[in-house]
Amino acid sequence: MKALLCGKGGSGKSTLTALIARSLSDRGCNVLVIDNDESNFGLHRQMGLELPDDLLNFLGGKKNLVEKMMEAFPKGEKLTLFDHKWEIPTIPEAYVSRKGNLSLMAVGKIHEFGEGCACPMGALAKQLIQNIDIGKDDFVLVDTEAGIEHFGRGVEEGCDILFMVVDPSYESIRLSEKISELADNAGKQLYYILNRAEGAGKEILCCGIPDDRVISTVPIHESVFKAGLLGDEFQASVPEVDLIADFLVGLKSK
Ligand SMILES: Nc1ncnc2c1ncn2[C@@H]1O[C@H](COP(=O)(O)OP(=O)(O)OP(=O)(O)O)[C@@H](O)[C@H]1O
Ligand SMILES: [Mg+2]
């Protein structure tokens, strides 16, 4: 099962990715997290893992990938970045951090001033997700950058299910309408996680988001907030996040 988390900036995508990964791995599942956010550097810390080398370097770096794209696209040729399928245990070691049954890959980060846009990362993420063959107890969780550019790049194509993380803000509610449309276009099932939803914020969110698609409503957890702020690994499990893991395990066994 390959799931992608998306949503507005700061809604809690990375936090929930790390917590869901932990919850799934606690039940004995193999979990590969793909960090597909070119800007942020917090996810690996929340998972208690080292940040692996950018997968872009496996392909000779960003410049090299841009050249391949420039060669293929004007001729209408298909860009093929992998010559064989990968499985979680056989991912080249430099590009994966591991701890027990948890693994983490990073597609690529922006490192230098003027290095160019993140389009190559999008092209690579799309093919990477499609290129990973997973076993029956395996999960892939993709953490995305804020907003909807990844939909434009087709990153969702290889995913089985999409989660939108919705925080209590007007922008999130509006964005949920656009993401619902984009998920339909992509032919993917979309579910919602209401995050930091408490009191009046929770009530307003519940009116704005289709009820039957909400998998979990996660309140503000002091311990999560504190670990996030300090860049510490999440230690305790979160019951509302366990519901999301239950849902994924349940879907897989259908
Ligand atoms: N349920 C929660 N309880 C407490 N704090 C939370 C919760 N969810 C997220 N946070 C905090 O909110 C902030 C934003 O979360 P996070 O970085 O996961 O968002 P994001 O959507 O990944 O952001 P970005 O768009 O920048 O990647 C962090 O400081 C995180 O610790
Ligand atoms: Mg994030």
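The values are calculated or read from the model by the stated rules, or taken from the named source; none is laboratory data. This is a predicted model, so every value here is computed, not measured. A quick note on method: Cβ atoms are made from the backbone with ideal geometry, for glycine too, and the neighbour counts reach across all protein chains shown. Calculation scope for accessible area: heavy atoms of the full protein, side chains included, ligands and nucleic acids excluded. Shrake-Rupley method; radii C 1.70, N 1.55, O 1.52, S 1.80 Å.
Between ALA245, ALA227, ALA197, the distinction of being in contact with a helix residue (DSSP H, G or I) (Cβ under 8 Å, 6 or more places away or on another chain), closer than 27 Å to PHE41 by Cα, at pLDDT below 95 and not aromatic (Phe, Trp, Tyr) belongs to ALA197 only. In summary, helices (runs of 4 or more DSSP H) completely within the stretch 1-72 and bearing 3 or more residues that are in contact with a helix residue (DSSP H, G or I) (Cβ under 9 Å, 6 or more places away or on another chain) and either more than 13 Å from ligand 2 (Cβ to nearest atom) or on the phi > 0 side of the Ramachandran plot (or both) occur at 13-26, 62-72. Look at LYS62 and say whether it is surrounded by 13 or more Cβ atoms within 10 Å (Cβ to Cβ) and either aromatic (Phe, Trp, Tyr) or farther than 26 Å from ASP246 by Cα (or both). Criteria met by LYS62. Number of residues in the stretch 170-228 that are free of Cβ contacts under 8 Å to residues at least 60 places away in the same chain, among the charged types (D, E, K, R) and within 16 Å of ligand 2 (Cβ to nearest atom) equals 0. For the stretch 44-60, the set of residues classified as modelled with pLDDT under 95 and more than 12 Å from TYR95 (Cα to Cα) consists of GLY60 only.
Could you list all residues from the stretch 76-95 that are in contact with a strand residue (DSSP E or B) (Cβ under 7 Å, 6 or more places away or on another chain) and either among the polar types (S, T, N, Q) or open to solvent by less than 90 Å² (accessible area, probe 1.4 Å) (or both)? Those that are in contact with a strand residue (DSSP E or B) (Cβ under 7 Å, 6 or more places away or on another chain) and either among the polar types (S, T, N, Q) or open to solvent by less than 90 Å² (accessible area, probe 1.4 Å) (or both): TRP86, ILE88, ILE91, TYR95. For the stretch 5-19, the criterion of a residue being more than 10 Å from ligand 1 (Cβ to nearest atom), open to solvent by 30 Å² or more (accessible area, probe 1.4 Å) and out of contact with any strand residue (DSSP E or B) (no Cβ under 9 Å at 6 or more places or on another chain) is satisfied by no position.
Okay, residues lined up against (1) open to solvent by less than 50 Å² (accessible area, probe 1.4 Å); (2) of a type outside the set (Asp, Glu); (3) assigned to a loop (DSSP other than H, G, I, E, B):
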site	(1), (2), (3)
PRO74	no, yes, no
GLY114	no, yes, yes
GLY122	yes, yes, no
LEU128	yes, yes, no
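Among the residues of the stretch 96-112 satisfying the criterion of being in contact with a Leu (Cβ under 9 Å, 6 or more places away or on another chain) and over 13 Å from VAL33 (Cβ atoms), which is surrounded by the most Cβ atoms within 10 Å (Cβ to Cβ)? Top of the filtered list is GLY108. Taking the criterion of being exposed (fewer than 14 other Cβ atoms within 10 Å of the Cβ) and of a type in the set (Asp, Glu), the residues of the stretch 209-236 that qualify are ASP211, ASP212, GLU222, ASP232. Checking the stated criteria, LYS109 turns out to be part of a loop (DSSP other than H, G, I, E, B) and within 18 Å of the chain's Cα centre (by Cα). Assess whether GLY187 counts as being open to solvent by 60 Å² or more (accessible area, probe 1.4 Å) and under 15 Å from LEU4 (Cβ atoms). It is true that GLY187 is open to solvent by 60 Å² or more (accessible area, probe 1.4 Å) and under 15 Å from LEU4 (Cβ atoms). Restricting to the stretch 159-174, give me the number of residues that are within 24 Å of ALA123 (Cα to Cα) and modelled with pLDDT under 95. Residues meeting the conditions: 0.
Let's see how each residue does on (1) within 10 Å of ligand 1 (Cβ to nearest atom); (2) touching a strand residue (DSSP E or B) at 6+ places or on another chain (Cβ under 8 Å):
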residue	(1), (2)
ALA21	no, yes
LEU24	no, yes
ASN40	yes, no
LEU43	yes, yes
GLY61	no, no
